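Here's the structure we're looking at; comments come further down.
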Amino acid sequence: MRCPFCKEDDSRVVDSRTTDEGAAIRRRRECASCGRRFTTAENTVLIVAKRSGVQEPFSRAKVIGGVRKACQGRPVSEDDLGRLAQRVEDAVRAAGIAEIPAMEVGLAILGPLRELDEVAYLRFASVYRSFDNLEDFEAEIALLRAEGEPLGQEPVNTKSNTRPTTKSSQSS
Ligand SMILES: [Zn+2]
């Protein structure tokens, strides 16, 4: 393992411990050249199997990318997205299988996203579950209303407040 300080290839393990209840291994290494210490982590690779048959490693960045679109204009920070992706990863890892259908990853996103922002959730769910008419939205909103507590934050209303009050065109 290459030393991140001096790029020397030779290092020795000085400590090794499992973390995350055995799901990962962390190693403390010491560089044979400069003597500095650094940590490496070893994790099983989660494979996401798409419907097309394509397999790819699970990526938190991909989760964030997908969710970010649904969160446009919503009060959701990068930190929120990072935490959501972590929760999704924890959830799919907790399933304890090496290969997860992409569907399952989408399902794992829905719960945390709903807690984060209900509008973003509706947007994401509408794509993910292919809502194709108003009734689908209405049914989902009814479900949210029935299950959820009142919203903690006011929905972003309209942009009309920011518009200047002067009428611009007075042509005759
Ligand atoms: Zn070194």
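Derivation of every value follows stated rules applied to the coordinates shown; laboratory data play no part. Everything numeric in this text was worked out from a predicted model, so none of it was measured. Cβ: placed from backbone, ideal geometry, glycine included. Neighbour counts: every protein chain shown.
Below, the figures for the structure above:
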| read-out | value |
| --- | --- |
| Given charges at Cβ of Lys, Arg, Asp, Glu: region 1-103 dipole, positive-most of M103, V76, S16 | V76 |
| Peptides ranked, highest mean first, by Cβ atoms within 10 Å: ranges 133-143, 25-35 | 25-35, 133-143 |
| Dipole in debye (nearest 20) - region 29-85, about Cα centre, beta carbon charges: Lys, Arg +1; Asp, Glu -1 | 160 debye |
| Only Lys, Arg (+1) and Asp, Glu (-1) charged, at Cβ; region 67-110 dipole about Cα centre in debye | 180 debye |
| Contour minus Cα-Cα distance for D79 and R37 (0.36 nm per residue) | 12.2 nm |
| Cα-based reach from K7 at 15 Å (exclusive), listing aspartates and glutamates while leaving out same-chain residues under 8 positions away | E30 |
